[in-house]
Amino acid sequence: MIISGSASQALAAALARELEEPLVTAEYDRFPDGELLAAVPGIDDAVATDDAVTADRAVVVGSTVSSDTHLELLQLQDAAREAGVSDVVTVLPYMGYARQDEAFEPGHPVSARAVARAISSGTDRVLTVTPHEEAVCEFFEPTATAVDAAGRLAEPLPENLADPVFLSPDAGAVELAETVRDTYGEGEIDYFEKVRHSGTEVEISPSDVDVTDRDVVVTDDIIATGSTMSEAVGVLQDRGVDRVFVTCVHPLLASNAVTKLSRAGVEAIYGTDTIERQQSTVSVAPAIAEHL
Ligand code: R5P
């Protein structure tokens, strides 16, 4: 059976269709004191059914986009265990705190490790989609697999891109840009240099590639505040670019990110449904299903 966290309901439904497995109804409540209660009221019936497949495995799908959704995921894992499901698989379409993968200053925690330990305690296996660094999988106790979904980001792009350039805003994301270019079928590859000054301030240095009158697709793993992308798009506009399309795996699009990108002059923003936003035009369900 597939059990969905509140932030991943469309993706969980798509995954259930893809796998032809039942989607059970989870409920998300809050006690008067603020504590959360995520539950699966029908799970005992589902486990008691004669269908051995339903009883044997629960796939809990939940992007941990907030502290609440993280806690909810732990509760849903535990509800599945409590009902007697033998194999609990946890799918983290987007793993929150994954970018805090080291102690950046003395006294800081390795937050990615802390959340991975908590999630590990309730599951037999973890899948996570395009984590910021694949090494984050090592923080989990059971096997954790990184699912690559970047190839599908080429799907919504127009077919008639003019002499396209596929760029990443920093060297770390150039493989994503390459994957999108390869799936699209043609185009030059390049990347910018990025220096981050704070959570919302980044500096982007242009590369040598000539973007004059060309269409550019900029790809990153995450768009959070939109600072990185809007700076990159600004640099491209200064250099006479034609259209700029922005793609990412995780369209977090926090705060005023969409406004920043619109003001920077992007033609369109495309993301996947690891985070459910208006811009989530591509589903990662088929890529996850391949691993299940
Ligand atoms: C960091 O290196 C990531 O790949 C993204 O570039 C970053 O998370 C984007 O964050 P923001 O949208 O806040 O600039």
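The values are calculated or read from the model by the stated rules, or taken from the named source; none is laboratory data. None of these values were measured; they are calculated from a predicted model. Heads up, the Cβs are rebuilt from the backbone with ideal geometry, glycines too, and the neighbour counts pull from every protein chain shown. All accessible areas refer to the heavy atoms of the entire protein, side chains included, with ligands and DNA or RNA removed. Shrake-Rupley method; radii C 1.70, N 1.55, O 1.52, S 1.80 Å.
Annotations for the structure displayed:
- Matching residues in region 70-96 - criterion: being closer than 20 Å to Leu252 by Cβ, among the hydrophobic types (A, V, I, L, M, F, W, C) and surrounded by 20 or more Cβ atoms within 10 Å (Cβ to Cβ): Leu73, Val91, Leu92, Met95
- Filtered by the rule that a residue be of a type outside the set (Val, Ile, Thr), over 19 Å from His250 (Cβ atoms) and either within 16 Å of the ligand (Cβ to nearest atom) or exposed (fewer than 14 other Cβ atoms within 10 Å of the Cβ) (or both), region 196-206 gives His197, Ser198, Glu201, Glu203, Ser205.
- Qualifying residue in region 65-83 (condition: more than 16 Å from the ligand (Cβ to nearest atom), assigned to a helix (DSSP H, G or I) and modelled with pLDDT under 95): no
- Of Arg214, Arg277, all but one fail to be closer than 22 Å to Thr179 by Cβ, basic (Lys, Arg) and surrounded by fewer than 20 Cβ atoms within 10 Å (Cβ to Cβ); the exception is Arg277.
- Test: residue in region 149-167 that is assigned to a helix (DSSP H, G or I), within 16 Å of the ligand (Cβ to nearest atom) and free of Cβ contacts under 8 Å to residues at least 40 places away in the same chain: no
- Test: residue in region 228-237 that is in a strand (DSSP E or B), modelled with pLDDT under 95 and either surrounded by fewer than 14 Cβ atoms within 10 Å (Cβ to Cβ) or within 14 Å of the ligand (Cβ to nearest atom) (or both): no
- Restricting attention to region 95-120, the residues that are assigned to a loop (DSSP other than H, G, I, E, B) and either closer than 23 Å to Asp29 by Cβ or without any contact (Cβ under 8 Å) to a residue 40 or more places away in the chain (or both) total 14.
- Of the residues screened, Glu193 is not one that is more than 16 Å from the ligand (Cβ to nearest atom), open to solvent by 70 Å² or more (accessible area, probe 1.4 Å) and free of Cβ contacts under 8 Å to residues at least 24 places away in the same chain.
- Contacts under 6 angstrom Cβ, first residue in region 13-33 being over 21 Å from Ser283 (Cβ atoms), partner surrounded by 11 or more Cβ atoms within 10 Å (Cβ to Cβ), 6 or more apart: Glu27/Ala39; Tyr28/Ser6; Tyr28/Ala38; Asp29/Leu37; Arg30/Leu36
- Note on region 125-136: among residues that are buried (at least 18 other Cβ atoms within 10 Å of the Cβ) and not hydroxyl-bearing (Ser, Thr, Tyr), the one that is nearest to the chain's Cα centre (by Cα) is Val129.
- Residue within region 175-188 that is in contact with an Asp or Glu (Cβ under 8 Å, 6 or more places away or on another chain), within 15 Å of the ligand (Cβ to nearest atom) and assigned to a strand (DSSP E or B) present: no
- When region 238-269 is limited to residues that are in contact with a helix residue (DSSP H, G or I) (Cβ under 7 Å, 6 or more places away or on another chain) and open to solvent by 30 Å² or more (accessible area, probe 1.4 Å), the one that is farthest from the ligand (Cβ to nearest atom) turns out to be Gly265.
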